[in-house]
1. Quick one: which residues, 5+ away or cross-chain, put their amide H under 5 Å from the amide H of ILE164? H built at 1.01 Å from N.
2. How long are the semi-axes of the ellipsoid equivalent to the range 82-235, from square roots of 5 times the Cα gyration tensor eigenvalues, in whole Å, largest first?
3. May I have the extent of the alpha carbons of the chain along their three principal axes, as whole Å values ordered from largest to smallest?
4. Based on Cβ point charges of +1 for Lys and Arg and -1 for Asp and Glu, what charge dipole magnitude is obtained for the range 196-255 about its Cα centre, in debye rounded to the nearest 20?
5. Order GLU225, GLU77, GLU110, most accessible first, counting only protein heavy atoms with a 1.4 angstrom probe.
6. Considering only protein heavy atoms and a probe of 1.4 Å, how much of the accessible area of the chain is carbon and sulfur, as a whole percent?
7. Could you size up the charge dipole of the range 43-202 around its Cα centre, putting +1 on the beta carbon of Lys and Arg and -1 on that of Asp and Glu, and report it in debye to the nearest 20?
8. If contacts are Cα pairs under 8 angstrom and at least 6 residues apart, what is the relative contact order of the range 148-263 in percent?
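The values are calculated or read from the model by the stated rules, or taken from the named source; none is laboratory data. In this text the structure is predicted, and so the values were computed from the model without any measurement. Here Cβ is always computed from backbone atoms with ideal geometry, including for glycine, and neighbour counts include all displayed protein chains. For the accessible areas, the whole protein counts, side chains as well, though only heavy atoms, and no ligand, DNA or RNA atoms are used. Shrake-Rupley method; radii C 1.70, N 1.55, O 1.52, S 1.80 Å.
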Amino acid sequence: MKGFIVSMMPSLFLSHGTPLLALEKNSYTSFLKDYMQAMKKPAAIVILSAHWENEDQMISAVGKHEVIYDFVGYPEEIFQITYPARGCLELSDRILTLLSRIGVLGELDERRPLDHGAWGLLHIMYPEADIPTVSMSISPALPLDKQYEIGKALRKLKESNVLIIGSGGIVHNFTQIQKDMHVAEGWAIEFENWVEEKIMKWDLQSLFNYEKIAPYSTEAVPSKEHFIPLVIAMGTGDDNKKAALLHRSFQYGNLSLTAWKFD
């Protein structure tokens, strides 16, 4: 891709927690800051957020990003956060081409602002907002094997020093959180451990059927939109099938903050 350094970049799956993550100082936010400082700076970022759901595959094509505050009832400070990263139309067009090769017809969106699943993480990781960024929607209607194919299609971008981030949550159920609980509940740990085992074995069949066979799947994943970014990120690592669990912690009893790397 013109203007991009040819250098392999890993992909990441990152939990985005609650909107408060953008203001918090904890082990996870410290990890995000330290890891990005140790990692080489990407030429561009592609981020798929659980908070941009669309039946069709949408790809941002903005000149400069605005943000949307897709939540209510949080401190005023959080509504002052912006993330004015520029877009990259060349990268958006390339994503369209890559997806078309697997029968996924994408559409460019020239207005879509970044939601908190995107800017909440990027604000912590790259606060200067100086890296070209393209956001992508997810379609919960697509089966997980097709989501994995999307990741496989995007993996070519890693050769051009593009950082691909799937932003979601492995245990992410706001009806279950316990605001005053500071230890992790057993069922949440058990589901996370099950997912870890399947990822490390690259057991796609089990992961694609997690709803039926994983312990506490209903409690952990009440709807698929936060799980899908993990599957897409994993798909970007299909060539090497190498995964590393970089971080795991819990908030509010069962909300997991997890980071995975796929080479």
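1. LEU12, VAL46
2. On the way: eigenvalues 163, 86, 35 Å².
So the equivalent ellipsoid measures 29, 21, 13 Å along its semi-axes.
3. 49, 44, 35
4. Working: 7 positive and 8 negative charges, 20 e Å.
About 100 debye.
5. Details: GLU225 30, GLU77 120, GLU110 145 Å².
Solvent-accessible surface, decreasing: GLU110, GLU77, GLU225.
6. Details: 5570 of 11340 Å².
Accessible surface attributable to carbon and sulfur in the chain totals 49 percent.
7. Once rounded to the nearest 20, the dipole reads 620 debye.
8. Numbers: 182 pairs, mean separation 49.5, N = 116.
Over the range 148-263, the number comes to 43 percent.
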